[in-house]
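The values are calculated or read from the model by the stated rules, or taken from the named source; none is laboratory data. From a predicted model like this one, the values you see are computed outputs, not experimental measurements. All Cβ positions, even for glycine, are placed from backbone atoms using ideal geometry, and neighbour counts span all protein chains on display. Keep in mind that these areas ignore ligands, DNA and RNA; they rest on the heavy atoms of the full protein, side chains included. Shrake-Rupley method; radii C 1.70, N 1.55, O 1.52, S 1.80 Å.
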Amino acid sequence: MDLDAIASKVRAGARIDRAEALELYRHAPTPTLGRLADQIRSQKHPGRIVTYIVDRNVNYTNICVARCNFCAFYRPVGSSEGYVLGFDELFRKIDETIAVGGVQLLLQGGHNPDLPLTWYEDLFRAIKQRYPTFRLHALSPPEVIHLSRLSQLPVPAVIARLIAAGLDSIPGGGAEILVDRVRRLLHCYGKATADEWLDVMRHAHRAGLRTTATMMYGTVETDEERIEHLLRLRDLQDETGGFTAFITWSYQPANTELGGTEATGVDYLRTLAIARILLDNFDNLQASWVTQGGKVGQLSLAYGANDMGSVMIEENVVRAAGASYCMDEVEIVRNVEDAGFIPKRRNMHYDILGDPIFRERDVPRMLELRTAREEGDTHTPDELVNYEARSRAGKQLRVISNPGAPSPRSAN
Ligand code: SF4
C-alpha cells in the first residue's frame, strides 16, 4: 500500500479505512503523521484556539468488585484502605472547585456493592439543590452497568433515573480497548464487554446526554486492536453523533497486578495523531498531559489535540499507578501560549466560557494533589446507614458505625 496515496487521501479530507489506517500508523514517519493530524485539527478549529475546562476529578469510592488487573486504584470490599466519600466531603470539594472557577465535577469511582442506585440519586439531587448550575459529568459506562445489575433495572431505566436526579453527561472511562480478547486478558470483560460499553453510550446519546470517549492503550493489545477500537467509536459516532471528545492515554503500570512498562511519548503522539486522522467525525481531541507530562502535552497540540482537558485539582486513579504530573490553570495557559495558541475556558459541551479565570480575578494557585484517603475521610460517612449494604463487610460496617439504628431502608 502506498503511504503517499493514503496521505493524499487524508489531505483531501477523505475517510480512510482499516487497512489504510494501519499502514499509516505502522509505517508513516512520525512528523508526517503529525502534519496530517495538525491539518485536520486546524481545519476543524481555525483561529488557533485551544480549550480547557476547570473542573474536578473526584473518585467517590475506591472499593471495587471488578478488580481489573491494570488498576492500582481499587481496594477490595472489606479492605481497611477502602473509602466512600460522604456528602459533606463532596460538598467541600465542590466549594473548592467553584473557588478556582470550576463548573463541573467529573465523578467516577469503583464498583462498590454497598452503594445502591438510591445513594447516587440522593447525592445528585443534594448537589443540584445546593449548586443548581454546577454540572455533573458522572459515572462511566461500566459504573452504569454495575448499577443496572445491582438494581436489576435495564440500562436505559438507570440512565433515565440518573438524569432525573441531575446527571448532565457521561465520561468515557472504562473503555480501555473495545475488543473482547483484550478485555478478557485485562480482567475487565466482566465489568463491561465492548458491546456493552458502546451500548451504554448509545442509550445515553438517545436519552439526550453528550458523552466523551476514551482509549487506554499500551497493555496487551495489538496495533490492529487499537485501530479496531477507534473504528468502533467512529461507527457509533456516525450513528448517534453524541460524543463531544476523544481522550487517549497510555497504561500506567506502577503498582498494578499486570505490571509491564509504560509506552513511550512517541507512541503517544503517533496514537493521538492516528486517532485525529481516523476519527473524522469527532470535533475535539484532548491532550493527556496527566499521564504524559506538560511537555508532551504541549507537543500534542501539534499532533491533533485541540484541548488541554481538565485543570488539575485532584486525580487519584492514574496517580495511584505512578503518574504524578500536575498543572493548574496558570501552567496550562503558559503551555498553550508558548506553543502559539490562544487558551480559552470551556464547558463539557465545548462552549467557550471566556479567557483564563486567573486573569479576571484572584484564584488560589494549585491545590495540593492528595488522595481522598490521605485527606482523612471517614470510611463510613454517617448517611451510609440509610442505604442497604449488600456485602458482608458493608453490612458489618453499617452496624459498627450506627449500633442500634433501625434497619436501613430497602435499596431502590
Ligand atoms: S479500573 Fe475501575 S472498574 Fe476496574 S478495578 Fe479499577 S476502579 Fe474497579
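Tabulated data
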{"quantity": "Relative contact order (%) - criterion: Cα under 8 Å, at least six apart; region: the stretch 103-195", "calculated": "31"}
{"quantity": "Interchain or long-range residues, amide H under 5 Å from ILE342's placed H", "calculated": "ILE49, VAL50"}
{"quantity": "Cα-based radius of gyration of the chain once divided by 2.2 N^0.38 Å, which approximates compact folds", "calculated": "0.97"}
{"quantity": "Positive-end extreme of charge dipole, the chain - chosen from GLY293, TYR303, ALA213 (charges on Cβ)", "calculated": "ALA213"}
{"quantity": "Table column - 3J(HN,Hα) (Hz), the stretch 334-351, Karplus curve with 6.51, -1.76, 1.60, x for Gly and Pro", "calculated": "5, 5, 5, 5, 5, 8, x, 10, 10, x, 9, 6, 9, 9, 5, 8, 6, 6"}
{"quantity": "Nearest-ten-degree value, helix 30-44 long axis tilted from longest Cα axis of the chain", "calculated": "70"}
{"quantity": "Only Lys, Arg (+1) and Asp, Glu (-1) charged, at Cβ; the chain dipole about Cα centre in debye", "calculated": "480"}
{"quantity": "Sulfur and carbon atoms: percent of accessible area, the stretch 80-131 [1.4 Å]", "calculated": "49"}
{"quantity": "Accessible area per residue, Å², the chain with all protein chains present, probe 1.4 Å", "calculated": "39"}
{"quantity": "Loop GluC sites (Glu not before Pro), the stretch 211-285, which have at most 16 other Cβ atoms in a 10 Å radius of their Cβ (DSSP)", "calculated": "GLU257"}
{"quantity": "Hz values of 3J(HN,Hα) by residue in the stretch 135-146 - Karplus curve (6.51, -1.76, 1.60), Gly and Pro given as x", "calculated": "9, 10, 9, 9, 6, 5, x, x, 5, 5, 5, 4"}
{"quantity": "Relative pair counts by distance (%), Cα atoms of the stretch 249-309, 10 Å bins", "calculated": "24, 49, 23, 4"}
